[in-house]
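See structure below.
The values are calculated or read from the model by the stated rules, or taken from the named source; none is laboratory data. Quantities reported herein were computed from a predicted structural model and do not represent experimental measurements. Cβ placement follows ideal geometry from the backbone for every residue including glycine, while neighbour counts extend to all protein chains displayed.
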Amino acid sequence: MTAAISRPEAIALMNATGSDLLALMQRASALRDAHFGRTVTYSRKVFIPLTNLCRDKCAYCTFAVPPSSPRAKTLTPDEVLDIARRGAAAGCKEALFSLGEKPEEVHPLAREHLRALGYTSTHDYLRAMAELVLEETGLIPHINCGVMTAAEIADLRPVSGSMGLMLENISPRLLEPGEAHFGCVGKTPALRLATLAAAGELRVPFTTGILIGIGETVAERVDSLFAIAEIQAQYGHIQEVIIQNFRRKPDIRFREKAEPSALDMARTIAVARLILGSEMSIQAPPNLTPEAYGWYLLAGINDWGGVSPVTADHINPEAAWPQIDALAAVSRNAGFTLRERLTIYPKYLRPEFVSPRILAYAMSNEQWAREA
């Protein structure tokens, strides 16, 4: 895939204002419409926060807690199933497993939790819970557990429809003291790029994206998008790219940092569309800009991501999901029709991308079988 713009042009457009910004958004929207038309999708999901212990200490994260916190928690199988069953009852199709990265490497409490559950690694417990949810509820797991080796990805593939890892940013500068990723081995850009590449080698439908407003420069933002485009050109397994905005919270190291504006998001979405092309699904979380997310449709997105009628966004617990009716109304007002999708996009519902077991679950629904 060849990007529609060069790196210098992309950097310049990240600062577009006025009529230049309007022209940028129109250009991105036209590119999106060429492939997706005027349909915007979402996945009806349930959020399963398997453990909130983590080896990393990101400056913007409120999900992970220290072992000393009374909120430190690893869900039991009964708790996992209770969440999944409530999701299934509410019509969800996706079980999003989100969790701290390899906490047992640094936290004795995480090892204690695992021992009590009969496991020695978070990976093994995650796999068992994904299989349990799949078997007991029919929800298709989407796994978001941090950096993974090729062996770990291969082990999870039979019990998940898709996996994800936010690239966030490829700049090693953000690992320096005072920056967003200081003290976070899992945020080393080379490790995250290696995970994306390993998933590509294994033909796993994958979600990635960038996080804006964490201290990155405009050039670093653009370079991160080009890095995603290069991996997609090589493997073709990235089914969606998220453009996510940093949100300030009272209990994080970055609690005083300014948040990106809706216009900054619109610029970044539009530039991402030009870099990633017409066929890439690009999404932005509607709950993180509740007063202005309709703008994102005008900037080139075609997907809202996962929206849950049951569980909170545990990564951003202060930001409630919009009701599906409200999401449909905002989409309609911008000239779009809202449609539900699976965690696996239709073009990836094929044997080379999805295990036979998962494919059988997906195809058991006539709607998804018809779209594949």
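Name the residue that is farthest from Glu216 (Cα to Cα), counting only residues in region 181-194 that are of a type in the set (A, V, I, L, M) and at pLDDT 95 or above. Per the criteria, the residue is Ala194. Pairs meeting the criteria (first residue in region 106-124 and part of a loop (DSSP other than H, G, I, E, B), second residue among the aliphatic types (A, V, I, L, M) and buried (at least 18 other Cβ atoms within 10 Å of the Cβ), beta carbons under 8 Å, at least 6 apart or on different chains) are His107/Leu53; Thr120/Leu114; Ser121/Leu114. Here Glu216 fulfils each of the conditions (1) over 18 Å from Ala59 (Cβ atoms); (2) in a loop (DSSP other than H, G, I, E, B); (3) out of contact with any Phe, Trp or Tyr (no Cβ under 8 Å at 6 or more places or on another chain) apart from (1).
Does Ile301 meet the test of being among the β-branched types (Val, Ile, Thr) and buried (at least 23 other Cβ atoms within 10 Å of the Cβ)? In short, yes. Does any residue of region 264-284 turn out to be free of Cβ contacts under 8 Å to residues at least 60 places away in the same chain and farther than 26 Å from Arg44 by Cβ? Within region 264-284, one or more residues are free of Cβ contacts under 8 Å to residues at least 60 places away in the same chain and farther than 26 Å from Arg44 by Cβ. The residue that is nearest to Gly161 (Cα to Cα), among those in region 96-113 that are surrounded by fewer than 23 Cβ atoms within 10 Å (Cβ to Cβ) and over 26 Å from the mean Cα position of the chain (by Cα), is Arg111. Within region 125-139, the only residue that satisfies the criterion of being among the aliphatic types (A, V, I, L, M) and not in a helix (DSSP H, G or I) is Leu139.
In region 213-241, the residues that are over 20 Å from Arg203 (Cβ atoms) reach residues that are basic (Lys, Arg) and surrounded by fewer than 19 Cβ atoms within 10 Å (Cβ to Cβ) with C-beta atoms within less than 8 angstrom, at least six apart or across chains, in these pairs: Gly213/Lys257; Ile214/Lys257; Gly215/Lys257; Glu220/Arg173; Val222/Arg7; Asp223/Arg7; Phe226/Arg7. Return the residues of region 304-340 that are farther than 23 Å from Arg248 by Cβ, of a type outside the set (A, V, I, L, M, F, W, C) and surrounded by fewer than 19 Cβ atoms within 10 Å (Cβ to Cβ); say none if nothing qualifies. Of everything in region 304-340, those that are farther than 23 Å from Arg248 by Cβ, of a type outside the set (A, V, I, L, M, F, W, C) and surrounded by fewer than 19 Cβ atoms within 10 Å (Cβ to Cβ) turn out to be Pro309, Gln323, Asp325, Arg332, Asn333, Gly335, Thr337, Arg339, Glu340. Just to be sure, is Arg111 over 29 Å from Ala180 (Cα atoms) and out of contact with any Leu (no Cβ under 8 Å at 6 or more places or on another chain)? No.
Of the residues in region 256-269, not one is on the phi > 0 side of the Ramachandran plot and either modelled with pLDDT under 95 or in contact with a Leu (Cβ under 7 Å, 6 or more places away or on another chain) (or both).
Could you list, ordered by first residue, the pairs with Cβ atoms under 6 Å in which the first is in region 163-188 and in contact (Cβ under 8 Å) with a residue 60 or more places away in the chain and the second is among the charged types (D, E, K, R) and crowded, with 19+ Cβ neighbours inside 10 Å, at least 6 apart or interchain? Final answer for the pair search is Leu167/Arg192; His181/Lys187; Cys184/Asp56; Gly186/Asp56; Gly186/Glu101. Checked against (1) touching a helix residue (DSSP H, G or I) at 6+ places or on another chain (Cβ under 9 Å); (2) over 18 Å from Glu220 (Cβ atoms), Ile275 passes all but condition (2). Scanning region 202-213 for residues that are in a loop (DSSP other than H, G, I, E, B) and either out of contact with any Asp or Glu (no Cβ under 8 Å at 6 or more places or on another chain) or of a type outside the set (Gly, Ala, Ser) (or both) returns Leu202, Arg203, Val204, Pro205.
Of the residues making up region 152-165, not a single one is surrounded by fewer than 23 Cβ atoms within 10 Å (Cβ to Cβ) and assigned to a loop (DSSP other than H, G, I, E, B).
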